[in-house]
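*Asks:* Please see the structure below; I have some questions.
Each reported figure results from applying straightforward, stated rules to the coordinates on display, with no laboratory input. Everything numeric here is computed off the predicted structure, so don't read it as measured data. Note that we place each Cβ from the backbone using ideal geometry, even for glycine, and neighbour counts take in every protein chain shown.
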Amino acid sequence: MSKPDRPTTESRRGFVNWLLGTSAGAFAVSALYPVVRFVVPPLEAESATSSVTLPFTPAEIGSNEGKPFRFGNRPGLLVRTPGGELRAFSAECTHLSCTVQYRTDESRIWCACHNGFFDLNGANVQGPPPRPLETYDVNVRGDQIVVSLRA
Amino acid sequence: MKNHESRLSAIWNWLDERIGLAPAVSLARKKEVPVHKHSIWYYMGGMTLFLYLVQIATGILLLIYYRPSADEAYESVQFLMTDVKFGWLVRSIHHWAANLMIFMAFIHLFSVLFMKAYRPPRELTWFSGVILLVLALAFGFTGYLLPWNELAFFATRVGTEIVGVFPLVGDFALKIARGGTDVTGATLTRFYGVHVAILPAIAFLFLGLHLLLVQKLGMSVPPSIENSGSPKKAMKFVPNFFLRDAIGWLVAVALLATLAAFLPAHLGVKADPFAPAPAGIKPEWYFMFMFHQLKLLPAHILGIEGELVGVMAFALGGVFLFLIPFLDRNAARGKSSPMFTWIGIAVLAYILVMTYLGYTADPMG
C-alpha cells in the first residue's frame, strides 16, 4: 500500500509548488506591469504644425543674419544669406539635437555643442553631424514670412 | 557621578538584553587595518562615504525650497541663493561635495585597481563599487539639470540623446529618460524623482552591500606587500584608524566651507528651449573626456555614425571595467599582473589628456 502512496504525495507536493510558483510569478507580473506602463510617458499629441507665420517681418532680418523662431514646439532658424535670399531650417542639430545658430563670421550654421557646421543649404560640412538639417519652404507674403514643411 | 554611570550602564544592559550590543562591540574591537607603505589609500573609500553623507544632509535641506517644474525651478533656486539665509552655503556645499565625492570615488577606484584589491575573494566588493560609481555619475547627471539653466538644459539634451543612439532599445530608452520626445518640464520632474528618491534607494542597497563586504572580508593587502611576507603591523580600527578618518573628514569640511565661500555655485541663465546652444557649452568635468571624444569623432567611421561608435566604445569600456576581477587571471592566482597596471595607467592618462584638451579647446571651433 505504501508504494503507490509515495508518488501521489510527491506529485501532489510538486503540483502545490508549481501552483505557488506560478501564482507568485503572476502576482509579480500583475504588480510590475502597471509600474512599467506608468513610467512610459503617455503619447503626446504630435505637433500638427505644418506651417507658421513668423513674428517678424522680412525687413527685420538683414543679409548675413540668422534669427531663431518657433516651429510648433520645435526650434527653427531663419537665415538671410549674404546674397539676400531667405532660407529656413530646423534648428535641431542632426548629431545630438542641440539648437544650432547662425555664425555671421563664418556665414555658416554652427552647433556649439560639438562644433558641427552646416552650409547655407543645410548640408553637414564639418564636424560630427551625420546628416543635413531639415529644410523648410519660405514664402514672403507682403510683410509676412510664412515657413512651411516641404511637401 | 557614580549614580550617573550606573544609570548609563543600566540603559546599556537593557538594550544589550534586547538587541545584543556585546557582539557589535567585540566586532568593532577586533577589527584591524593592515599598516604598510600603501595604507594611505585605505582612507579614500571612507572619504567618499563621508562626502555622500554630506550630500544627503544638504540635499534634504535643498528639498525644502526647491520646486521641480520648468516654470518654477530656476526661480526657486534663485530665491534660495539670494533670499534664504545660508541658502547659498547649503547649495554651494551640495555642489562642491558632489564634485569632490566623484573625484574621491575615482581616486578610490584607481587605488583599488592599482593595488589589485579586486582579486578573490573581493570580486563582489569591486562589482558593488563599480555600480556605486555609475550611481554617483547618475546622481551628478540628474542633479545637473535641476536648476533648469541653459547649460544644464543642453547638457541634458546631449546626454539623453546619447541614450537614444543605442541600437534597438535607444528610442524607447530615450522616451523613458526624457518623459517624452524632447527635454521639457516632464524631463525635469522625472530627473527630480530619480535624483531624490530612486537613486538614493538603490545607492542605499549597494552601499550597504559594499560596506558589509568590507567588514566581512577586511582590507586587502597589495600582492607586492603580501608576497614579501604579510605585513607585520596592524592598527586597531577603533579608535586609531577611525580617528585618522575623522581628521580627514574635518579637513574635508574646512575645504568645502572654503570652496563654498570663495567659489559659490553659479546659477547662470534660465533655460530657453528655443534659444540656440551657447558657445562654450560643456558638461560637468567628469563627463568631459567622453564629451570631447565625441567632438573629435568624424561623422562616419567605416560607414557607421561616429557617435554610435564612440558611445558603444565607452559602453564596452564600462563592461570591461566591471569585469576586471574575472579578466585578471594572474592577480586572481596571487601572481603579479603588470598588464592590468599598464591598462589602468593608459586609461588614466587617456582620461586626463582628453579632459585637458576639452578644457583648452577653442569653443568657437
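*Asks:* Taking each residue in A:106-118, count the Cβ atoms of any other chain within 10 Å of its Cβ, then average. What number comes out?
*Replies:* On the way: counts 2, 0, 1, 1, 5, 4, 11, 14, 12, 8, 3, 1, 0.
Per-residue shielding by partner chains comes out at 5.
*Asks:* Remind me, what semi-axes does the stretch A:69-151 give for its equivalent ellipsoid, largest first in whole Å, using sqrt of 5 times each Cα gyration tensor eigenvalue? Numbers along the way, then the final one.
*Replies:* Details: eigenvalues 90, 41, 21 Å².
Semi-axis lengths for the stretch A:69-151 are 21, 14, 10 Å.
*Asks:* Once each part is reduced to its C-alpha centroid, what is the distance from the stretch B:267-334 to the stretch B:206-225 in angstrom?
*Replies:* 30 Å
*Asks:* Largest first and in whole Å, give the semi-axes of chain A's equivalent ellipsoid, each being the square root of 5 times a Cα gyration tensor eigenvalue.
*Replies:* Three semi-axes, in Å: 64, 18, 10.
*Asks:* Treating the angle as unsigned and between 0 and 90°, give the value, to the nearest 10°, between the Cα long axis of helix A:2-39 and the longest Cα principal axis of chain A.
*Replies:* Between the helix axis and the principal axis of chain A, the angle is about 20 degrees.
*Asks:* In peptide A:87-97, how many Cβ atoms from other protein chains are near each Cβ within 10 Å, on average?
*Replies:* Numbers: counts 0, 0, 0, 0, 4, 3, 5, 2, 9, 11, 9.
Per residue, the average neighbour count from other chains is 4.
*Asks:* Same structure again: What does the charge add up to near residue A:55, with Lys and Arg as +1, Asp and Glu as -1, over the other residues with Cβ less than 10 Å from its Cβ?
*Replies:* +1
*Asks:* Taking the Cβ of residue B:130 as the centre, find all other residues whose Cβ is under 13 Å away and add up their charges (Lys, Arg: +1; Asp, Glu: -1).
*Replies:* 0
*Asks:* Pick out which of B:332, B:152, B:315 has the largest mean-square fluctuation in a Gaussian network model of chain B, springs linking Cα atoms closer than 10 Å.
*Replies:* Most flexible of the set in this elastic network: B:315.
*Asks:* Given the C-alpha atoms of the stretch B:296-364, compute the convex hull and give its volume per residue in Å³.
*Replies:* Given the Cα convex hull of the stretch B:296-364, per-residue volume reads 105 Å³.
*Asks:* Hey, what number do you get for the protein assembly as shown at 222 nm if only DSSP H runs of n ≥ 4 count, each worth -39500 (n - 2.57), divided across all residues, to the nearest 500? Numbers along the way, then the final one.
*Replies:* Numbers: 17 runs with 285 residues, N = 516.
Here the helix-only value at 222 nm equals -18500 deg cm²/dmol.
*Asks:* Taking the Cβ of residue B:236 as the center, what net charge do the other residues with Cβ under 13 Å away carry, scoring Lys and Arg +1 and Asp and Glu -1?
*Replies:* Taking every other residue near residue B:236 into account, the sum is +3.
*Asks:* Using Cα centres only, tell me the gap between the stretch B:153-188 and the stretch B:3-43 in whole Å.
*Replies:* That distance is 48 Å.
*Asks:* OK, next. Tell me, what are the semi-axes, in whole angstrom and largest first, of the equivalent ellipsoid of the protein assembly as shown as set by the roots of 5 times the Cα gyration tensor eigenvalues?
*Replies:* 51, 30, 27
*Asks:* Pop a pseudo-label 7 angstrom from the Cα along the beta-carbon direction at both residue B:202 and residue B:32 and give the gap in nm to one decimal.
*Replies:* 4.0 nm
*Asks:* Take the Cα pairs of the stretch B:227-365, get the Kirkwood Rh, then feed it into Stokes-Einstein at 25 °C and 0.890 mPa s and tell me D in µm²/s.
*Replies:* 121 µm²/s
*Asks:* Something else now. Quick check on packing: order B:70-83, B:132-145, B:248-261, A:106-119 by the mean number of other C-beta atoms within 10 Å, highest mean leading.
*Replies:* Result, highest mean first: A:106-119, B:132-145, B:70-83, B:248-261.
*Asks:* Further question: Roughly how tilted is helix B:338-360, in degrees to the nearest 10 and between 0 and 90, from the longest Cα axis of chain B?
*Replies:* With both axes taken from Cα atoms, the answer is about 40 degrees.
*Asks:* Along each of the three principal axes of the Cα atoms of chain B, give the extent in whole Å, ordering the values from largest to smallest.
*Replies:* On the principal axes, chain B reaches 71, 55, 38 Å in Cα extent.
*Asks:* Determine the gain in length on full extension of the stretch residue B:279-residue B:362; use 0.36 nm per residue of separation and subtract their C-alpha separation, reporting nm with one decimal.
*Replies:* Working: separation 83, 0.36 × 83 = 29.88 nm, distance 0.99 nm.
Separation in residues times 0.36 nm, less the Cα-Cα distance, equals 28.9 nm.
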